[in-house]
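The values are calculated or read from the model by the stated rules, or taken from the named source; none is laboratory data. Because the structure is a prediction, the values reported are computed rather than measured. No Cβ is skipped: glycine too gets one built from the backbone with ideal geometry, and neighbour counts run over all protein chains shown. Calculation scope for accessible area: heavy atoms of the full protein, side chains included, ligands and nucleic acids excluded. Shrake-Rupley method; radii C 1.70, N 1.55, O 1.52, S 1.80 Å.
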Amino acid sequence: MKKLLFLILLIIIGVGLYSSIFIVNETEQVIKTRFGKPIGEAITAPGIHFKVPILDVLHYFDKRYLEWDGRPNQIPTKDKRFIWVDTYARWHITDPLKFYQRLYNEQGAHSRLDDIIDGETRNAVASHNLIEIVRKSNRESMIDSTALDEIIVLEEIEVGREKIGDMILKNAQKRCEDLGIEILDFEFKRINYVQEVQEKVFERMISERKRIADRYRSEGQGEASRIQGERERELLRIRSEAYRKAQEIKGKADAEATAIYNLAYNQSSESRKFYEFMKTMETYQNTIDSSTTVILSTKSKFYKYLKSTGDL
Amino acid sequence: MSQNDVLRSFTDQLKINPRMIKSFVILVIVLLLLFTSWFTVGAEEVGVILRLGKFSRTVNPGLHFKIPFGVEQVFKVPVQRQLKEEFGFRTLSPGVRSTYDTRNYEDESVMLTGDLNVAVVEWTVQYRIDDPYKYLFRIRNARSALRDMTEATMREVIGNRTVAEILTIGRAEVASTVKVELQKMANSYETGFRIDQVVLQNVMPPEPVRSSFNEVNEAQQDREKLINQAKSEYNRVIPKAKGQAQQTIQEAEGYALNRVNSAKGHVAMFNAVFEEYRKAPDVTRQRIYLETMNEILPQLGKKYVIDEDVSGILPLLNLDK
């Protein structure tokens, strides 16, 4: 009988001990409540901890960074373009007690985060132009082809995607201060045109490409024409220069030859006469052939001896 | 043997049994202890051990022991394995010729570019778990966090570039920028991931505008073709013309030499003859005249010698017959 009592006592002590210790995992944090009233600080250190059995109730919360994924929202930008905005955030529970009091559980937190972040996103998107939400900085395009520059103008931005994201984060953080949670980061996950706008954009892209294509073609034709013109000009230049040079050379030679002849033939009246005579003789030789008919008179020097021996 | 005897011998045997049962139970407990206290860590893994919920140690591949009955818990993390996330498509069956599914993932791949155009980008991220502690205990759903981060980063980078840029020369630069940004973000989220590589797979214009992008390429080719044709025509004609010009000039120079030399020759001959002529002008003239006549008269077709006293010679002539 005594033995049995001892055994029961042992079991009670065992159960009591067992239910007065609890393990907090690396990923967890715990608050204790007794009759609904929080007891002590939140337990964030992992390891073994104690509580009063039966009376103390434990509430476990995650200590890690948790995800929040926003619903895709259709929001008009400041320049009246409708876009789908899909966002996400990472948050964690910084003050489990407050979290428990204000939000009760993660579901509560999600629904509050939905309100806060969606609202802030809506505000921020609606008060900026689309380009501000798409671009991050006024970075120059790596393509400096002049053909494309004229068509694709990168709009300058003043704020940029990153700063808008930071703005939303900061505002949302402020509104979470009292909820025992902290938002670590906020990002725009996806930004896309709504269907109707997308079709318009595609049409614009097509016409833009057509323009670029036309430009390339006309550039090609223009360049080809330029080369053809250059070829024609080069050709005429080369030919005319050669002609000029040849004429110069020939003229100079003619002049030189003339001077040489003059010097010789023009030395005296006698030389002039002799030249005339000689040249005439030469001309006779060159011009008279079998088709020539000559009528000569016996008066001529050559045939005068046909009539008489002449006077000696 | 009576029935009682049989029963007795049976209970005799049973009498030894309580000790056997006791040792059997101890054996089972020992075996149980052994089997729940050893574990192996695979070659690509490390084991992270929690003791009563608190991080205790990490162990390398091999055989290890832990305190059983839930006092120590083991998490095996494949730190050596390269993990991969696909965006905009999914590999259906990897193999020599892998098959892919790209439909239904447009949400992931369609994005806006900096010139407010639309591009379709498909890419993969290869990464490893670098810090198993962070991976396990600092973030929940690290993998989905990585997917979110990657999409945000890729869109941020694409959003800062023109569509022409990302389709052509900017590809590699986009991948490397995303890698750097993604690593920064992975660190700030304490995911414990190390990003090995970001690989852009397909970067395309959206389906409805693809043909017009091709048209631009063709136009570019056309431009090059036209220019090359013009250039080749230029190269065909100009050197030839240059050669011809040289020829003309050379010929002119030849003409000049010829002209001057022949003038000099003529003059030399003239001077020589003239020298002699001056010594006896009349005779020389006579001689030359007669010599010339001698030469040309035989060549003449018809010769008429008419007496100086005869007049009206026309009737004698039958011209042109």
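Scanning the stretch A:19-72 for residues that are touching a helix residue (DSSP H, G or I) at 6+ places or on another chain (Cβ under 8 Å), β-branched (V, I, T) and within 11 Å of chain B (Cβ to nearest Cβ) yields a count of 2. Considering the stretch B:290-308, and only residues there that are touching a helix residue (DSSP H, G or I) at 6+ places or on another chain (Cβ under 7 Å) and part of a helix (DSSP H, G or I), the residue that is most open to solvent (accessible area, probe 1.4 Å) turns out to be B:E295. A residue that is farther than 24 Å from B:T284 by Cβ and of a type in the set (S, T, Y) occurs nowhere in the stretch A:273-288. Within the stretch B:32-67, being more than 22 Å from B:F137 (Cα to Cα), touching a Pro at 6+ places or on another chain (Cβ under 7 Å) and open to solvent by 30 Å² or more (accessible area, probe 1.4 Å) holds for B:L33, B:T36, B:A43. Going residue by residue through the stretch B:221-239, is there one that turns out to be surrounded by 14 or more Cβ atoms within 10 Å (Cβ to Cβ), in contact with a Gly (Cβ under 8 Å, 6 or more places away or on another chain) and under 30 Å from B:V174 (Cα atoms)? For the stretch B:221-239, residues surrounded by 14 or more Cβ atoms within 10 Å (Cβ to Cβ), in contact with a Gly (Cβ under 8 Å, 6 or more places away or on another chain) and under 30 Å from B:V174 (Cα atoms): present.
Is it the case, given these coordinates, that A:E177 is more than 7 Å from every other protein chain (Cβ to nearest Cβ), within 26 Å of B:V121 (Cα to Cα) and assigned to a helix (DSSP H, G or I)?
Numbers: more than 7 Å from every other protein chain (Cβ to nearest Cβ): yes; within 26 Å of B:V121 (Cα to Cα): no; assigned to a helix (DSSP H, G or I): yes.
For A:E177, the condition - more than 7 Å from every other protein chain (Cβ to nearest Cβ), within 26 Å of B:V121 (Cα to Cα) and assigned to a helix (DSSP H, G or I) - is not met.
Scoring B:R259 on the criteria (1) at the interface with another protein chain (Cβ under 7 Å from one of its Cβ atoms); (2) over 30 Å from A:T283 (Cβ atoms) leaves a single failure, condition (2). With respect to the conditions (1) more than 8 Å from chain B (Cβ to nearest Cβ); (2) at pLDDT 90 or above; (3) closer than 23 Å to B:E275 by Cα, A:R244 falls short on a single one, namely (3).
If the condition is being open to solvent by 10 Å² or more (accessible area, probe 1.4 Å) and touching a strand residue (DSSP E or B) at 6+ places or on another chain (Cβ under 6 Å), then the stretch B:148-166 contributes only B:D148. Could you tell me whether the stretch B:130-150 includes any residue that is under 30 Å from B:T162 (Cβ atoms) and either away from chain A (no Cβ under 14 Å) or in a strand (DSSP E or B) (or both)? No: zero hits.
Of all residues assigned to the stretch A:283-295, none qualifies as being part of a helix (DSSP H, G or I) and either surrounded by 17 or more Cβ atoms within 10 Å (Cβ to Cβ) or in contact with a strand residue (DSSP E or B) (Cβ under 9 Å, 6 or more places away or on another chain) (or both). Candidates are the residues of the stretch B:75-107 that are aromatic (F, W, Y) and touching a residue at least 60 places away in the same chain (Cβ under 8 Å); the one that is most open to solvent (accessible area, probe 1.4 Å) is B:F75.
If I filter the stretch A:121-128 for residues that are within 14 Å of chain B (Cβ to nearest Cβ), of a type outside the set (F, W, Y), in a loop (DSSP other than H, G, I, E, B) and touching a helix residue (DSSP H, G or I) at 6+ places or on another chain (Cβ under 7 Å), do I get at least one hit? Yes.
Each row is one residue, and each column tells you yes or no for (1) surrounded by fewer than 18 Cβ atoms within 10 Å (Cβ to Cβ); (2) farther than 12 Å from B:V209 by Cβ; (3) within 8 Å of chain B (Cβ to nearest Cβ); (4) in contact with a Leu (Cβ under 8 Å, 6 or more places away or on another chain).
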site	(1), (2), (3), (4)
A:V197	yes, yes, no, no
A:R209	no, no, yes, no
A:E223	yes, yes, yes, yes
A:Q228	yes, yes, yes, no
A:R237	yes, yes, no, no
